[in-house]
Structure formats: structure tokens, C-alpha cells
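The values are calculated or read from the model by the stated rules, or taken from the named source; none is laboratory data. This one's a predicted model, so the numbers in the text were calculated from it and none came from an experiment. Here Cβ is always computed from backbone atoms with ideal geometry, including for glycine, and neighbour counts include all displayed protein chains. We work out accessible area using only protein heavy atoms, side chains counted, and drop any ligands, DNA or RNA first. Shrake-Rupley method; radii C 1.70, N 1.55, O 1.52, S 1.80 Å.
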Amino acid sequence: MNYLTKRSLLFSLPVLLITGQVSNAAESDAKWSAKQLSEKELLAAARQIDIRVKKIYDKKNAEQPADASDSVFLRRSFLLAVGRIPTVEEARVYLESDDPNKRVLLVRYLMNSKGYQSHMSNWLVDMLRVQENFQRRYSAAPYMDWVRQAVADNMPFDVLTRELLSAEGMLWENGAVGYYIRDKGMPLDNLSNTMRLFLGTRMECAQCHDDPFNDWKRMDFFRLAAFTNGQGEINRHVYNPIWDKVRKENERGTPLYNLYDFIGNNIYYSTLSGPGKGRIKLPNDYQYNDGDPGEMIAAKTPKDHSFAKGLKMSDRKDAEDGRQNFAEWVTNSQNDRYVTTITNRMWKRIVGTGLYEPVDEYIEPREHTSPELTRYLTDLMQDLDYDLRAFQQILMLTRVYAFASSEHELMPGEKPIFDGRKIDRMSAEQYWDSLVTLVAGNPDKLPTRGKSQYVKYGKAKLDMQTLQSEIIAIKDPKEFKKYADKLFDRVQSGETIGPKAKSMEKMDKMEKDMSMEMMSNTNNGGALKGIARASELRSPAPNGHVLQMFGQSDRLLLDSAIKEANTTQVLSMMNGAVEKLVVANRDAHIYELSEGSVKDRIRALFYGILSRAPSESEMQLMETEVEERERKGYRNIVSALVNSREFIFVP
């Protein structure tokens, strides 16, 4: 097929992009669609934001920056909305369109795509520090699935927060309990992370002493900890005496020992009992006059006008709704810290500079560059019922988002005026997903991890939801022993425990293809053995994977991803995984789409890698390279572009 014929076919893509028709990727969020805004309303909200940004410039008697070029807007929007660069086809359709409304249509296309779900899942998984396994041993799959489904359903952020903070029950029935199981044995650390993540409040110091840099007292911290105090495992007392006996009578590693160990670690461990006592004992080393070591104190929220109305529980008896009360207080509509923190996180994610920085250290709106802008944004977030997708879509329709990139770095104490996104390195996930795009085209058509309630145990396959429900329902140790011994016989015979549903059939199929291997990475082949988006791979990626080398968060601490360059990255780009994956891969999508004349092929490479056409001087240079080295010249062009600063940075 010659280039002109292919080019004419490519212009059928406006059905997807320029006409604004989108996939049905967003259909699953119907349960949260109470307040769907028309495009006219979205644009009107965007204009209100721009009016307030302009006031900042008018007050300073300064001119607003120029708008970004179409190529910069295209690349920026893809990387921020769906976490990857556009394909050759997508870039060509957009850049060669003369539709004056194409930026609006592009934003609509991106925000309603599966790519948005993938990229937003990466963000939320990172914020919640979700790992593939709890304690690096026990399956956290239901928690991961719950988080991913919440994004797919476009669950309002306040609903998501309440579901997590008030969660209780069995992991395989309610994945949200993974939020507390993730930090099992470290409830005080969990509280610190909760306050920082959702309320932009750093209280880590107050775990041990009064914070010398803030107003938080150690008493404040423990009164908050009282709300979630009393976490345990459901009916663990039924299992423990039988497990003690099995350990004494069987050597570690024997089949019976392994099964009981599996039950303890994957059935009982992954449960959460105790709805929050609402009271807690002060630690034995408590050192202040407002309490005594070991004293029982009641849950109470801090006194600060930026929080919601104060809440206090009884110190005389254990409550049954501590976590529920805490969740409702955090997300209360009067809790300015909550709405301001998530608003600022989304603003920084799209506009590039926070209303204040760092985003997890709350500053009162009256101290922001424009209190009026902040108030409009927080009111908008609440009016949208915490619909993060709609909020981000509005921001992407603003002119402040479309400003040309800025090199201005804020000085200490300087307030931002939002003069354009600062050029920043891609995150590890953006970089990997962009490489995958070069190799496979639109990565949303690639295999996904899916979800299943089944796990393999030897030759058997276990329906974990059924198994957990049945075991946890047992109240007598003797009955548990009978059940477990019978289960042992069934497992040894290789039975499927539970109904063999479609999810089980899908799992059987996955074992036969490459998608399972690309997630396991057990043979040093890593993701080179199979290609999929970062959201579909292990979380976090194993050592040696491109994601790990380029700074993916280890999910141990909040905001722990790294964007700084290092020698390992350079070696990977020049002569390692990146070279093998893209440059030396003759079957890569980027090569398949570069056909026709030399100029046409070079232009396609620039579209697919840098999201723009080459300049006249670049075209001449590349033509010379192809003339001198023929086929190898194209490979050299790909290598030069992929390893360029322009490729790895978000404009």
C-alpha cells in the first residue's frame, strides 16, 4: 500500500477524534453520573477560571503569556490526560486538522478514553501506596482491583475517601479494607498518611512529641488515632489454637503446614474487624501535662477553623462507629482542608504549579496568590460532587492550561502567577507507556490484567471470595479443623474450589499466553516478553524493569517517585532495554507507519516520537542520514529522537 492510500485511510480517524465521537470507556461510571455537565457548561466554568487568572495579571499590570503551539498542546494533553504520547495516526489527524474547535474535541476524546482510566489509576495507586502484595507476601489483588474499579466508575473522590476510611470486613468481598490492611500493625503511621493525603496536614512529628513547627500537639494526634483504634482480624481466635498445634506437629514446608499457613496469611490476615473504638490509651512514654501515661482518652478532632465542626466521642466505653465518624468528619463539606487539598492536587496535576506548594502542606486560601481563584475552584469541586474527571477536563479547557511552557522558577516565598507549565521530566509511567505506544500503537488495545477472585494453589484453583466467606463464618475451632482437613484433601486432588466462572476461564487462558509472563517478570525477560501499559503490570515494577529504573514509586512512602536522571537510565536508553524495545525492534509500530517517500517517512517518525513535524533544517539533516545509511538511517533517527531531551520531557 503506498503512502497516499494509507494517508487517506488515516483520515478516517476523525470519526474518533475530530468529530468528537468517543469510545464507550466511560459507560461504567453511570452510577456516579448524577451531575453530567454539557460541554457548554464545562467551557463556561473554564472561562470563569481564566477571568480570575487574568485578574492576577491585571493586578500586577503584566501581560499574560502566549498560547502554546498545537504540537505542544497535543503532546502535553496526551501525557497529562492519558499518560502517553499520541500515536502517529493521532498526531497526524490533530496537527493536520483545520477545525478551530479541535482543542476542545481533543480534550473530550482523551478524558473519555480508557487511557484516562489507566493513567488516573497510576496516580491513585501511587497516592494510596498500593502494592501487589501486603508485606510483600500476601495477595492485595482485591484492593488493587477496588482502586482501579473506582477510577473506571469515576467514583466521586469524597465517596472514595469515605469508603476507604470506614471500610470493614473481608478483603475478597470489600477491597477497600486494603487501605488499613496495607498498614497493618502500624495504625499510627496509617493515620499520619491519612491526614497528609486527604487533609494536607503533616502530623508525623506529633506521634512522638509536640510539633515545634506547627500547632499540633501529641495529644491532638492520639485523640485522632482514637477514632480508628481497635483494628483486628475477624475470628482469628478460631484459627490460632489449631495453627499452633499444626506448627508443633508438622515441619515447615510440608503440605499440611503450607495450607494452614496459607489460610492464616490469605484468609484471616486479609480481614478487618473493629469499627473504631473512639478511645485509646496514651503511650507509656507520654510526657506532657495534659495527660498521663496509660490514660484512656476519647477521640476528638483538633480545634482549627480550617477543619469541620469539632467532633468528640466518649472515653467511658468503646464505640461501634469510630471510623465511620472519622470518615464523615474528614469529608464534611465544611472541612476546608479536605476540599482545598484535593483541589490543589488536581490543579497542580494539570496546570503544573500548585495553588500553594507543597500540595500536602495546607495553606489557608487567604494567603494564596488569588483567594478568589482558590474559592472558585473549591466551590467548583464541591458543585461537581468531587468528580475528578470533570474537574480536570474543565482545567484542560482553560487558557491558563494552554499557556506556552515557562522557564520561570519560583524564588523562596514567591507566590505563583501561573505563567505556563514548567517543562518537567516524564514520570516513569508516562515514559514507559510512551515507549509502549511506539512499539504497539494505541496501548489501550493491548491485554489488561483483568481481575479474578481465583488464585492458583498447587494444582488447585481457589475461589478466594467463597473460601474466605466460608472459613470466616466458622466460630468453633473444631469445626474449622474439620473444614481445613477436608480442604486439604480437595487441594491435594487439584480441585477447583468454588464455581468455575468466566473469570476462571479467563485465568486459564491467561496462563497460556504472554500476559501472565509480562506481569511476573521471573526470568529476567521482564516486559520485553510482553507489552502492556504500566497500569497493567506489577505494582511496583520489579528491579531491573524500565519503570523501576526511571523512578517509579516503591509505594512505601507518599510521593516517593523520582524524576532525577541517573547513569542506569542512560545505559538503558543507549544500549539496554529501551534500545531493544524500540530502536532495534523492526516490528515496532513506529516503523510500520513510516512508509512512502523519504520525507513522508521522516515526517511520520517525528509525528510519532515528538508529536510535531520536523523543521526544514531537521528534515535536511535526516534526509542526509537516510541517504548515507539507508535503512539503518531510519533506525538512527529513531534512536536520536527517543533519546532526546524533547522526548523525555513534558512541555
Any chance the range 204-212 includes a residue that's within 22 Å of G264 (Cβ to Cβ), part of a loop (DSSP other than H, G, I, E, B), without any contact (Cβ under 8 Å) to a residue 12 or more places away in the chain and open to solvent by 10 Å² or more (accessible area, probe 1.4 Å)?
-> no
Filter the range 182-196 for residues that are open to solvent by less than 10 Å² (accessible area, probe 1.4 Å), over 21 Å from A319 (Cα atoms), part of a helix (DSSP H, G or I) and of a type outside the set (S, T, Y) and give the result.
-> M195
Scope the range 530-563; condition assigned to a loop (DSSP other than H, G, I, E, B), charged (D, E, K, R) and in contact (Cβ under 8 Å) with a residue 60 or more places away in the chain; matching residues = R533, R538, R555, D559, K563
Looking at (1) under 16 Å from L191 (Cβ atoms); (2) assigned to a loop (DSSP other than H, G, I, E, B), find the lone condition where K309 falls short.
-> (1)
Inspect the range 457-472 for any residue being open to solvent by 10 Å² or more (accessible area, probe 1.4 Å), among the charged types (D, E, K, R) and modelled with pLDDT of 95 or more and give the result as yes or no.
-> yes
Here are some conditions: (1) without any contact (Cβ under 8 Å) to a residue 24 or more places away in the chain; (2) within 30 Å of E470 (Cβ to Cβ); (3) open to solvent by 30 Å² or more (accessible area, probe 1.4 Å); (4) not aliphatic (A, V, I, L, M). D318 meets all but one. Which one does it not meet?
-> (1)
The one condition R631 fails out of (1) touching a helix residue (DSSP H, G or I) at 6+ places or on another chain (Cβ under 9 Å); (2) within 24 Å of A440 (Cβ to Cβ) is (1)
Among A613, A541, A561, which is the only one that is open to solvent by 40 Å² or more (accessible area, probe 1.4 Å), aliphatic (A, V, I, L, M), closer than 16 Å to E429 by Cβ and modelled with pLDDT of 90 or more?
-> A561
Mind listing whichever residues of the range 624-634 are in contact with a Lys or Arg (Cβ under 9 Å, 6 or more places away or on another chain) and either surrounded by fewer than 16 Cβ atoms within 10 Å (Cβ to Cβ) or among the hydroxyl-bearing types (S, T, Y) (or both)?
-> R629, Y634
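Quick test for you: out of L13, L9, pick the one residue that is at pLDDT below 95, within 28 Å of N154 (Cα to Cα) and open to solvent by 40 Å² or more (accessible area, probe 1.4 Å).
Details: L9 fails: within 28 Å of N154 (Cα to Cα).
Residue meeting the stated conditions: L13.
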Any idea which of (1) of a type outside the set (K, R); (2) without any contact (Cβ under 8 Å) to a residue 40 or more places away in the chain; (3) closer than 24 Å to L191 by Cα is the one N250 doesn't satisfy?
-> (3)
Within the range 564-587, which residues are among the polar types (S, T, N, Q), open to solvent by 50 Å² or more (accessible area, probe 1.4 Å) and in contact with a helix residue (DSSP H, G or I) (Cβ under 9 Å, 6 or more places away or on another chain)?
-> N566, T568
Would you be able to tell me the number of residues in the range 73-109 that are open to solvent by 40 Å² or more (accessible area, probe 1.4 Å) and in a helix (DSSP H, G or I)?
-> 3
Would you tally the residues in the range 367-397 being among the β-branched types (V, I, T), open to solvent by less than 30 Å² (accessible area, probe 1.4 Å) and over 24 Å from the mean Cα position of the chain (by Cα)?
-> 1
Has the range 145-157 got any residue that is charged (D, E, K, R), surrounded by 23 or more Cβ atoms within 10 Å (Cβ to Cβ) and closer than 22 Å to P540 by Cβ?
-> yes
Between a first residue in the range 325-343 that is hydroxyl-bearing (S, T, Y) and a second residue that is open to solvent by 20 Å² or more (accessible area, probe 1.4 Å) and in a helix (DSSP H, G or I), which pairs have beta carbons less than 6 Å apart while being 6 or more apart in sequence or on different chains?
-> T331/D158; T331/R162
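Go over the candidates S617, S644 one by one and state the one that is farther than 14 Å from V88 by Cβ and either touching a residue at least 12 places away in the same chain (Cβ under 8 Å) or of a type in the set (K, R) (or both). Step through it out loud before you land on a result.
Details: S617 fails: either touching a residue at least 12 places away in the same chain (Cβ under 8 Å) or of a type in the set (K, R) (or both).
Result of the check over S617, S644: S644.
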Within the range 398-434, of all residues that are farther than 27 Å from E364 by Cα and hydroxyl-bearing (S, T, Y), the one surrounded by the most Cβ atoms within 10 Å (Cβ to Cβ) is Y431
Would you say W172 is open to solvent by 20 Å² or more (accessible area, probe 1.4 Å), within 18 Å of the chain's Cα centre (by Cα) and among the hydrophobic types (A, V, I, L, M, F, W, C)?
-> no
Just checking, how many residues over the range 122-140 are open to solvent by less than 30 Å² (accessible area, probe 1.4 Å), under 25 Å from Y431 (Cα atoms) and not β-branched (V, I, T)?
-> 7
Set D379, D383, D360, D387: member being modelled with pLDDT under 95 and acidic (D, E) | D360
